[in-house]
Amino acid sequence: MSSGPVLYDIAGPAEKRRERIISVIIGVVLALAAAAVIWRLARNGVFDDRWMVLVEAPPNFAGYEAKHIWQAVFRGLGNTLIAAAISLPLALALAVVLVSLRASPFRAVRWLIAAVIEVFRALPVVLVMLFGILVLPGASPLVAVVFGLSIYNGAVFAEILRAGIAALPKGQTEAAASLGMGPFLTYRDIQLPQAVRMMLPSLIAQGVVLIKDSSLGYIVGYAELLRQVSRVADALTNASYMLPMLAVGAAVYIALNVLLSRIAVWVQRRSSLHPRRAAVTPAAPIVEA
């Protein structure tokens, strides 16, 4: 027996064979394109001894050893993680406040908060960081980065939670009202926890964006990963060393964001494997007198 409407036909043997052939063709095309790019880079002399700077310092470095290069990279990575670790909980707290006020029974409050969220989402993160330096007296680069990341991502998190609340069945609100629960208790105990659980993969994915946006701290002078890599490249005094250092920075960002993306996928799978099921109480048997 079918458990629901079928939206597409199950692929048969011929269709599966056709899909495998198409997949192989696409894979071959991508492999050839990658090989062509690598060959072109090799023709341009990209894969020369400039990459040895990651292992051994150049002669004109005056005692600046390669281990210092990696120390600078890991110092920048640490600063990136510090900014993200501070900004993420602040953005989530701001999101809860905004989405709670947007669920206010007063129309004027809802309109005001909706306008605030739209403004925060529309502003570029760099501009918010610059505002942080101007409006916060004596703000350090770290404070400016945290301010920009928290304001922007707080608005995005709020919209994600609002979408989760809007997706909940309306019958839950009606059932809570029938039990005598007011709007605040219904929102706090029923709607918000379910919205957080439902939208957790999206929240984690936005956290990945937050970490990548921390690289914009370079503009306000924060010594995050990209700025540290650029400093090392400038200290090498040879423009050809810029490519290896940028490649290292890109590899670190890719590894970090792939790790967080895998966490989001794992959370999503756990949520789908263990959905919340309503408890069903069996009916009492009818005893005839």
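The values are calculated or read from the model by the stated rules, or taken from the named source; none is laboratory data. These figures come from a predicted structure and were not determined experimentally. Cβ placement follows ideal geometry from the backbone for every residue including glycine, while neighbour counts extend to all protein chains displayed.
For the reader, a short list of remarks on this structure follows.
- Hits in the range 40-85 - residues which are at pLDDT 75 or above, aromatic (Phe, Trp, Tyr) and assigned to a helix (DSSP H, G or I): 51, 70, 74
- In the set (1) more than 27 Å from residue 209 (Cα to Cα); (2) crowded, with 16+ Cβ neighbours inside 10 Å, the condition left unmet by residue 111 is number (2).
- Summed over the range 123-151, residues that are in a helix (DSSP H, G or I), exposed (fewer than 15 other Cβ atoms within 10 Å of the Cβ) and at pLDDT below 90 total 2.
- Residue satisfying condition, being within 23 Å of residue 161 (Cα to Cα) and in contact with a helix residue (DSSP H, G or I) (Cβ under 6 Å, 6 or more places away or on another chain), within set 103, 85, 115, 139: 103
- Filter result for residue 221 (modelled with pLDDT under 80, surrounded by fewer than 18 Cβ atoms within 10 Å (Cβ to Cβ), over 19 Å from residue 158 (Cβ atoms) and of a type outside the set (D, E, K, R)): no
- Options 251, 264, 255, 247; residue that is assigned to a helix (DSSP H, G or I), loosely packed, with under 15 Cβ neighbours inside 10 Å and within 16 Å of the chain's Cα centre (by Cα): 255
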